[in-house]
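S.K.: Supplied in structure tokens, the structure appears directly below.
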């Protein structure tokens, strides 16, 4: 990384920490996912705030095909961006929308595990499962998505996560659950399914865990993994209460201001 890389990284890190927006990053950092990944990691290395966990992004297979990418990416999620159920989130005109996801709480002993994460051994690391809402958007003055790198270079475009009631994980089958997010005030209503999330949320979780293992990331506490949207990116058409419901898992509410 050169001086310019550090200059732009410092600029967007400052925007991230102070909840501000900046001019768009040069396409050098956004066009190719490999460059965006390097830039994201540089930015994250400059943040000393406590880490809450990680998110998967770009988990919709049709979206990956459209953007000509082979796989999603992950990004770090920090404590100050994780809120309890029914909390408020302030948005701006560069907010992309709202997503409804399946989240997991993972045991910290995962970081002592030295084998590849599989469908069979992943179960022992999960303590809780829950519905969550992610508000997505840029710290840059730009709109739309031209590449996966647009999202990746901007901290995965995660603004806030609102967590619903956690349930003890009992190896629930979540491969084909109906989901819905709505704002009753304006009669906005969008249906989805957990099978749109990189085959299914458990597979997305496995993807993230293998990636953070490969990157030799270690935490000394249990952590969250947010697995990607079951409803796509739903535009926020008005302020007010957005309620997300995942069949058999429960509901979560975000108040958009």
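The values are calculated or read from the model by the stated rules, or taken from the named source; none is laboratory data. As the structure is a prediction and not an experimental result, all values here were calculated from the model. Neighbour counts run over all protein chains shown; Cβ positions are idealised from the backbone, glycine included.
S.K.: In the range 9-18, which residue that is surrounded by 12 or more Cβ atoms within 10 Å (Cβ to Cβ) and under 16 Å from residue 157 (Cα atoms) is farthest from the chain's Cα centre (by Cα)?
M.R.: Keep residues of the range 9-18 that are surrounded by 12 or more Cβ atoms within 10 Å (Cβ to Cβ), which gives 9-17.
Adding the requirement that they be under 16 Å from residue 157 (Cα atoms) leaves 9, 11-17.
Working: 9: 20, 11: 22, 12: 18, 13: 18, 14: 20, 15: 18, 16: 15, 17: 17 Å.
So the residue we want is 11.
S.K.: I'd like the full set of residues that are over 15 Å from residue 57 (Cβ atoms) and outside any loop (DSSP other than H, G, I, E, B), limited to the range 210-220.
M.R.: If the condition is that a residue be over 15 Å from residue 57 (Cβ atoms) and outside any loop (DSSP other than H, G, I, E, B), then 210, 213, 214 are the ones that fit.
S.K.: From the list 10, 19, which one is out of contact with any helix residue (DSSP H, G or I) (no Cβ under 6 Å at 6 or more places or on another chain) and at pLDDT 95 or above?
M.R.: 10
S.K.: So residue 17 clears everything in (1) within 23 Å of residue 224 (Cα to Cα); (2) outside any strand (DSSP E or B); (3) touching a strand residue (DSSP E or B) at 6+ places or on another chain (Cβ under 9 Å) except one condition, right? Which one?
M.R.: Of everything listed in (1) within 23 Å of residue 224 (Cα to Cα); (2) outside any strand (DSSP E or B); (3) touching a strand residue (DSSP E or B) at 6+ places or on another chain (Cβ under 9 Å), residue 17 misses just condition (3).
S.K.: Further question: Whether any residue in the range 135-158 is farther than 27 Å from residue 9 by Cα and surrounded by fewer than 19 Cβ atoms within 10 Å (Cβ to Cβ) is what I want to check.
M.R.: Of the residues in the range 135-158, the ones farther than 27 Å from residue 9 by Cα are none.
No, the range 135-158 contains no residue that is farther than 27 Å from residue 9 by Cα and surrounded by fewer than 19 Cβ atoms within 10 Å (Cβ to Cβ).
S.K.: On the basis of being within 19 Å of residue 129 (Cβ to Cβ), within 17 Å of the chain's Cα centre (by Cα) and not in a strand (DSSP E or B), does residue 252 make the cut? Write out each step before concluding.
M.R.: Values: within 19 Å of residue 129 (Cβ to Cβ): yes; within 17 Å of the chain's Cα centre (by Cα): yes; not in a strand (DSSP E or B): no.
For residue 252, the condition - within 19 Å of residue 129 (Cβ to Cβ), within 17 Å of the chain's Cα centre (by Cα) and not in a strand (DSSP E or B) - is not met.
S.K.: A follow-up question, please. Taking the residues in the range 136-178 that are touching a helix residue (DSSP H, G or I) at 6+ places or on another chain (Cβ under 9 Å), in a strand (DSSP E or B) and within 18 Å of residue 205 (Cα to Cα) as candidates, determine which candidate is modelled with the highest pLDDT.
M.R.: Once the filter is applied, the top-ranked residue is 161.
S.K.: Does residue 33 satisfy being touching a residue at least 24 places away in the same chain (Cβ under 8 Å), under 18 Å from the mean Cα position of the chain (by Cα), buried (at least 16 other Cβ atoms within 10 Å of the Cβ) and more than 12 Å from residue 153 (Cα to Cα)?
M.R.: Details: touching a residue at least 24 places away in the same chain (Cβ under 8 Å): yes; under 18 Å from the mean Cα position of the chain (by Cα): yes; buried (at least 16 other Cβ atoms within 10 Å of the Cβ): yes; more than 12 Å from residue 153 (Cα to Cα): no.
No; evaluated as a whole, the condition is false for this residue.
S.K.: Something else: I'm trying to understand the selection: among the residues of the range 178-202, which are crowded, with 18+ Cβ neighbours inside 10 Å, in contact with a strand residue (DSSP E or B) (Cβ under 7 Å, 6 or more places away or on another chain) and within 15 Å of residue 59 (Cβ to Cβ)?
M.R.: Within the range 178-202, 179, 192, 194, 197, 198, 201 qualify.
S.K.: Restricting the search to the range 21-43, which residues are outside any helix (DSSP H, G or I) and over 15 Å from residue 10 (Cβ atoms)? Spell out the reasoning first.
M.R.: So in the range 21-43, the residues outside any helix (DSSP H, G or I) come out as 21-26, 30-32.
Within the range 21-43, 21, 24, 30, 31, 32 meet the criteria.
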